[in-house]
Amino acid sequence: MAGIQAFIGSWREEEKTGYDELADNIGLPAEKKEFFKQARTEITYSQNGDEWEITVGMAGVPDKRTFKLKLGEEYESASLDGSPLKSVMTADGGKFVEKHIDKSMNDMEMNITRHIEGDKMVVVTKVGSLEMQSKYGKI
């Protein structure tokens, strides 16, 4: 599959680096920090015409959130802990580029880039000068 269609399907987080520093910097409470450190995010992408559907949750947890969006248009989303976000996702070649503004944290901006590398989805999350990288495998 070429381009952004390579994202279609389900993915589970396998590893992450840079998490502790990022979590400390954004003020994540200790109990949430530890929970999300151990959690493995699952993401499912599907496409229907120009609309994308993204379902996000955690392995072993039945509650998941589903977002429908069109590339380049603002949509309402939420962080893993449920905080409301204003988001825009675009495609840049074979990458997804996301910008999220967290209204509950003084309009903190989070930028996420996703790309496929071999059989992995590589996700780079940036908040200010801090960066976290996660790798996901297809499930």
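So the values come out like this:
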| quantity | calculated |
| --- | --- |
| Within the chain, helix-based [θ] at 222 nm, where runs of 4 or more DSSP H residues each add -39,500 (n - 2.57), nearest 500 | -3000 deg cm²/dmol |
| Set of lysines near LYS33 by C-alpha distance (under 21 Å), chain-local residues within fewer than 8 positions excluded | LYS16, LYS64, LYS103, LYS126, LYS135 |
| Local electrostatic count, LEU130, Cβ distance below 10 Å [Lys/Arg +1, Asp/Glu -1] | -2 |
| Carbon + sulfur, % of accessible area of the chain - ligands and nucleic acids excluded, 1.4 Å | 47 percent |
| With DNA, RNA and ligands ignored, accessible area of SER10 (1.4 Å probe; Å², nearest 10) | 30 Å² |
| Accessible area in square angstrom per residue, the range 25-107, 1.4 angstrom probe | 58 Å² |
| FRET efficiency for LYS99 and GLU31, using Cβ-Cβ distance with R0 set to 22 Å, rounded to 0.05 | 0.20 |
| Positive-end residue, the chain charge dipole about Cα centroid, Cβ charges, pick of ILE54, TRP11, VAL88 | TRP11 |
| Note, ³J(HN,Hα) from phi for the range 133-139, Karplus 6.51, -1.76, 1.60, rounded to Hz, x at Gly and Pro | 10, 10, 10, 10, x, 6, 10 |
| Order of exposure, largest accessible area first, which applies to THR17, THR125, THR44 with probe 1.4 Å | THR17, THR44, THR125 |
| Solvent-accessible surface (1.4 angstrom probe) belonging to VAL127, in square angstrom, nearest 10 | 10 Å² |
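The values are calculated or read from the model by the stated rules, or taken from the named source; none is laboratory data. Keep in mind that what you see is a predicted model, and the values were worked out from it rather than measured. Neighbour counts are summed over all protein chains in view; Cβ atoms, including those assigned to glycine, are modelled from backbone coordinates with ideal geometry. The area values use the complete protein model at the heavy-atom level, side chains included, leaving out ligands, DNA and RNA. Shrake-Rupley method; radii C 1.70, N 1.55, O 1.52, S 1.80 Å.
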